[in-house]
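The structure appears right after this line, and notes come after that.
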Amino acid sequence: MKKLLIIGACLLLLVGCSDASAMVKDKNQSVITIGGKKITKGQMYEILREQDQSETALRLLTNYIVNKEIETTAEVEAEAKIALDASIEKLGNSLDSFLAYYDYENVDEYYEKEILPETKKEFLKDVYIEENWDAVIAYYYPTKVRIIETKTTEEANTALQEIKDGKDFEAVAKQYSTQSNKLYDGTEQLVSRNDSQTLTNLVTQFIRDAETPTLSAIIHNDAADKFYIVQITNCNPAQFKEEAMAEVASASDLETEMIAYYCKKYNFKVYDITLYNYLKENYPTYLNQK
């Protein structure tokens with residue numbers, strides 16, 4: 001963690017760029033003296049460039065964004081304290097060794113440098129979703145559904161007819177669904193793009209295209225030779241907004257989208273070619289320069 005603080009200070013020294021790396025102002029100025037030997041700004045920067053600079057810079061960038069956007073309110077601190085207590089409980093007897101390994105002086109520093117920023121990042125997700133509601137919902141399409149999966153077309157036809165005749169969907173699922181996954185037990189569930197790897201593409205497409213509550217025809221997954229019946233119960237996320245936001249916030253790619261959004265908002269620029277190439281390969285949406 002001390003390394004983060006030192007790199008943070010060094011990042012403030014960057015004043016321009018060349019074809020190879022960032023320039024350091026007053027690179028010959030001493031910043032540390034150890035046993036009579038001086039370490040200059042330029043030497044420190046070159047050392048740090050070799051020490052996981054990319055991930056460290058990303059962490060500093062994220063922390064900068066969350067601190068700009070989210071104030072440390074009583075609500076934020078309350079959630080952070082809960083997270084801290086949970087972390088301490090999980091670490092148990094390993095707490096001291098954990099703090100020492102990551103160079104935290106004590107629990108308070110761990111809270112300030114790790115727990116609080118992570119908590120604020122979770123609050124920022126809600127802010128980001130609210131600010132970009134229409135686009136986010138269109139991309140993740142959180143929808144409330146009931147699904148049945150059967151092994152044969154005969155079972156699927158019978159199940160669909162019973163539902164049309166007014167039999168309870170969940171009761172039909174208990175009789176005919178494979179029950180291979182909780183998604184197919186007939187209960188109402190909230191699904192989204194997050195579940196696209198679990199659901200067959202045709203089921204996902206039917207859910208995404210739904211504009212009103214409706215019942216599907218039989219959907220056949222040729223590859224797995226399985227049959228599906230889908231009942232859309234609510235496709236208006238504004239009516240279950242809190243649940244929809246929690247579902248979207250749990251998406252693995254939301255944080256990347258969020259940081260890219262705020263990088264653009266704050267006109268984030270990179271002046272080091274190594275870091276630039278790293279971001280170009282792994283996080284190209286963070287970059288705003290030509």
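The values are calculated or read from the model by the stated rules, or taken from the named source; none is laboratory data. Everything quoted here is computed from the prediction, not taken from an experiment. When we count neighbours, we look across all protein chains shown, and the Cβ atoms used for this are built from the backbone with ideal geometry, even at glycine. Just so you know, the surface numbers come from the protein's heavy atoms only, side chains and all, with ligands and any DNA or RNA stripped out. Shrake-Rupley method; radii C 1.70, N 1.55, O 1.52, S 1.80 Å.
Among the residues of segment 226-255, those that are assigned to a strand (DSSP E or B) and hydrophobic (A, V, I, L, M, F, W, C) comprise Phe227, Ile229, Val230, Ile232.
Residue by residue, here is whether (1) modelled with pLDDT under 95; (2) open to solvent by less than 50 Å² (accessible area, probe 1.4 Å); (3) within 24 Å of Ile259 (Cα to Cα) holds:
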{"residue": "Ile32", "(1), (2), (3)": "yes, no, no"}
{"residue": "Gln51", "(1), (2), (3)": "yes, no, yes"}
{"residue": "Ile70", "(1), (2), (3)": "no, yes, yes"}
{"residue": "Glu77", "(1), (2), (3)": "no, no, yes"}
{"residue": "Ile82", "(1), (2), (3)": "no, no, no"}
{"residue": "Tyr101", "(1), (2), (3)": "yes, no, no"}
{"residue": "Lys113", "(1), (2), (3)": "yes, no, yes"}
{"residue": "Lys120", "(1), (2), (3)": "no, yes, yes"}
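Is it the case that Thr158 is at pLDDT 95 or above, of a type in the set (S, T, N, Q), assigned to a helix (DSSP H, G or I) and on the phi < 0 side of the Ramachandran plot? In short, yes. Residues in segment 175-193 that are open to solvent by 60 Å² or more (accessible area, probe 1.4 Å), of a type in the set (S, T, N, Q) and not in a loop (DSSP other than H, G, I, E, B): Gln175 only. Scanning segment 208-239 for residues that are in contact (Cβ under 8 Å) with a residue 24 or more places away in the chain, touching a strand residue (DSSP E or B) at 6+ places or on another chain (Cβ under 7 Å) and among the aliphatic types (A, V, I, L, M) yields Ala210, Leu215, Ile218, Ile229, Val230, Ile232.
When you look at Asp253, is it open to solvent by 30 Å² or more (accessible area, probe 1.4 Å) and under 30 Å from Gln161 (Cβ atoms), yes or no? Spell out the reasoning first.
Values: open to solvent by 30 Å² or more (accessible area, probe 1.4 Å): yes; under 30 Å from Gln161 (Cβ atoms): no.
Taking the combined requirement at face value, the residue does not satisfy it.
The residues of segment 256-290 that are part of a helix (DSSP H, G or I), more than 12 Å from Leu58 (Cα to Cα) and at pLDDT 90 or above, listed by number, are Glu257, Met258, Tyr261, Tyr262, Lys264, Lys265, Lys280, Glu281, Pro284, Thr285. Filtering segment 190-205 to residues that are within 10 Å of Thr143 (Cβ to Cβ) and either touching a residue at least 60 places away in the same chain (Cβ under 8 Å) or touching a strand residue (DSSP E or B) at 6+ places or on another chain (Cβ under 6 Å) (or both) leaves Leu190, Val191. All conditions but one from (1) open to solvent by 20 Å² or more (accessible area, probe 1.4 Å); (2) farther than 23 Å from Glu243 by Cα apply to Thr56; the one that does not is (1).
Is one or more of the residues making up segment 209-223 open to solvent by less than 70 Å² (accessible area, probe 1.4 Å) and either in a helix (DSSP H, G or I) or more than 23 Å from Thr158 (Cα to Cα) (or both)? So far as segment 209-223 goes, yes, one or more of its residues are open to solvent by less than 70 Å² (accessible area, probe 1.4 Å) and either in a helix (DSSP H, G or I) or more than 23 Å from Thr158 (Cα to Cα) (or both).
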